[in-house]
Amino acid sequence: MNSNKIHFFIWTQIFFSALFFSCSGPALKSNPENNPGYLAISGDSVLSLAVKLSSEQFAGRETGSAEYDSAAVLVQKKLKNAGLTPFLNSWYHPFSVKISYPDQDSSFLLTGQKNLKYGTDYTPFYQDHKVNYTYQGELIFDGYGSRESGIQASELLNSPVKNKWVLLAPGFPSGNKKPRFSDPGGLITKLTAYQTLGAAGILMLPDSALNSEFEERSRYLTSNQYELSDDTVSFPGFRSLPVFVLSEAAGKHLADDLYGNENNLSLLIKKGAVLPKAVRSLSIQTSLRLKTKEVSISNLIGMVPGKNKDELILVGAHLDHLGKNSDGTIYSGADDNASGVSVVAELARTFQIAAKAGIQPEKTIVFAIFNGEEKGLLGSSALAGQLNESGIKITAMVNLDMVGRENQDSIEIVGHNRFSTRFKKLIESLDGKAGLTLNQNLNKPGLTGDVFYRSDHYPFSLRDIPVLFLTDAMGENHNRNSQTDDYHRLSDTGDKLNKVKLERVTRLCFLILSKLSEEKTPFKSDLSY
Ligand SMILES: [Zn+2]
């Protein structure tokens, strides 16, 4: 059937269901699947917007780019044409960010090694706030640096690593179970320990995981750095310790020089090699950030007013992506996250259809299109802070990030079991609805690279709001469906999006938001994590 017949069909649907609704209110309430909005959901509508947003026209939608702004205008027009209301009388909600330009004029010299080039031979491990530092002294090799037990007071006093740069080997003592990030011997524990021991910095020899992330991490951390001008979201303490990762080549060169291969190292440690020991002298001269400037960027937000104007349900997705790579090739960002934005736009359109048909939601539903997610959850952090300061109460937050790929019969749910048992039960009661099984493969505590911390629901969870994160987990999925892992790759293109999946995710979210809207009392925190 072509489109005209479709419109005629939808309007007869709406007319009859509105007729049906007016005479059977309670029945519809109990079954939102008869809601005219739900019936109007169209996979074609979601897919066509997602393909458009991931087209060359929007050049990868990098935050701060003209192409990002025109993509936002396209979505805003969709929300406006659907009849939505601008949130707090404005579509655009600005916030200020600080952009820092890393200075490439850094030198990192290890004795016996060539001058290591910033971004090529080594990269920062995470974004730290220190700008300039120099170091002239010993590089202390401390094996895996893993600590079974806490730090002995005696160590604190005369730790051989105090004010020294420490070199760590990848991994953990052989035979030991791979520690999770925050376990004893885990990376976070290690870095916090060296921070406590007063180390000046950490240099990490890479393992396969670090090697696979080197290019992405280097590209991200050696390019312009963005942070909220007034960042109220605090990061864990060890972040003030400079941590660098060597590239595979530079790492292999040094490792071969120090102990040959992995087995040798384990043998060295097994044989009780006296560690930590000075292995090289090191001179570092880095001045990472010279200039910063402040710019104002915006989130795009609309709403469908509810009967109860004081309680809001927030559903959101980030629009920004990576833009272009160094040779100008575009990162389309179809699944990440044109898919999520298109589902949010379709939810907005269909809840408005329901409202027009006289089915106003109990609570106001707010549709947020976030900016700056790829730069560090900037837009969602800003909105969470702005709403918190204005005392506006958010009942719950639903985040969609990468929902158009992988298995079309299931979706991953994350974070819904971290706040309220009632919220958890409500979400899990929809398992199997809209043709989707709710999987929880990524919803386990302490997973390396835990996705719970890596998308726009996280800043809201930090403000004690129950959150649900929906994702197809393309980059994380061990038994993934797609032939390729296109996460943050040039190959994340519109032709790979799955229309059936997109429609099902939209239908599932419609049911979730309808149920949340019906909840009589706020969710109380009775679950910790
Ligand atoms: Zn994303």
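The values are calculated or read from the model by the stated rules, or taken from the named source; none is laboratory data. Since we're looking at a predicted model, the values are computed, not measured. Here the Cβ positions follow ideal geometry from the backbone for every residue, glycine too, while neighbour counts run over all protein chains shown. Side chains included, ligands, DNA and RNA excluded: accessible areas come from the protein's heavy atoms. Shrake-Rupley method; radii C 1.70, N 1.55, O 1.52, S 1.80 Å.
Taking amide H as placed 1.01 Å from N in the peptide plane, Ser410 has its amide H under 5 Å from the amide H of Thr437, each at least 5 places away in sequence or on another chain. Reported to two decimal places, what Rg/Rh ratio describes region 363-469 when computed on Cα atoms with Rh from the Kirkwood expression? Ratio of gyration radius to Kirkwood radius: 0.95. Taking amide H as placed 1.01 Å from N in the peptide plane, the amide H of Val398 sits under 5 Å from that of Leu314, Val315, Gly316, Leu468, each at least 5 places away or on another chain. When the C-alpha to C-alpha distance is required to be over 26 Å, the pairs from Lys293/Lys375; Lys293/Lys324; Lys501/Lys524; Lys78/Lys309 that qualify are Lys501/Lys524. With the whole protein complex present, Arg422 retains an accessible surface near 90 Å², based on a 1.4 Å probe.
Assuming R0 = 22 Å, can you tell me the calculated FRET efficiency for the pair Leu527 and Asn441, based on Cβ-Cβ distance, to the nearest 0.05?
0.65
For the peptides 336-349, 378-391, the ranking by mean Cβ contacts within 10 Å, running from highest to lowest, is 336-349, 378-391.
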